[in-house]
Amino acid sequence: MDKKWYAVYTRPRWEKKVAENLSGRDIVNYCPLNRITRQWSDRKKLVYEPLFTSYVFVQLLDNEHRAVRECDGVINIVHWLGKPAIIKNEEIETIRRFLNEYTNVQIERQNIHINDRVRIIEGPLSEMEGVIVFINNNQVKVELPSLGCLMYVNLVKSNVHVLNKYPKTTAYDYEIVQ
């Protein structure tokens, strides 16, 4: 049986403590730390902060999940479609290499919404533009009107780049007049 990487959800600001607790139990873990230069009024200092807030990666066999959940500061193992989400070894190594080469790394989560205008960035339809008409888990359906007809394509979310967001209105956008 091979060990696989999993993401563990931790209590807020407990990433380093959880990594230390897991190491104390001889569980292989990785808490990606971002090197950040902080400026105070009298000095600059290099500090190490977790890259992913409330997440630590662990390498486990299928029967070792319980030991991780019992560790102080761990809330749960991250699940995808009802099963513990497996992280690829290549992704962990990419994070390691990236953090070794760069400082002050920032994470940006890109939310995709219905009616967002997107460009396909990978695959046979690369560089085509369209509009998101449906979202389900990790797939999106994009309307591609450039051929003179409507053609819908199912794509993986990571293969589209948002060009502009559809303006959304909320209750805060309206002024109440009495």
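No value in this document is a laboratory result; all are computed from the given coordinates. Just so you know, these numbers come straight off a predicted model, no measurement behind them. Counting neighbours? That spans all protein chains shown, and the Cβs are built from the backbone with ideal geometry, glycine included.
Taken over region 4-101, lysine pairs spaced eight or more positions apart, or on distinct chains, with alpha carbons under 30 Å apart number 12.
Computed over region 1-110, the Cα gyration tensor eigenvalues convert (square root of 5λ each) into semi-axes of 27, 16, 13 Å, ordered from largest to smallest. Rounded to the nearest Hz, the phi-derived 3J(HN,Hα) couplings of region 69-77 under the Karplus curve 6.51 cos²θ - 1.76 cosθ + 1.60 (θ = phi - 60°) are 5, 7, 6, 4, x, 8, 8, 5, 7, where x marks glycine and proline. Taking amide H as placed 1.01 Å from N in the peptide plane, the amide H of Tyr55 sits under 5 Å from that of Thr10, each at least 5 places away or on another chain. A crude spin-label estimate for the pair Ser126 and Ser54, with each label 7 Å from Cα along the Cβ direction, gives 3.7 nm. Given R₀ = 45 Å, what would the calculated FRET efficiency be for Arg25 paired with Ile135, taking r from the Cβ atoms and rounding to 0.05? FRET efficiency, Arg25 to Ile135: 0.70. By the rule of a C-alpha distance below 18 Å, with chain neighbours fewer than 8 residues away ignored, the aspartates and glutamates paired with Lys157 are Glu91, Glu108, Asp116, Glu122, Glu127, Glu129, Glu143.
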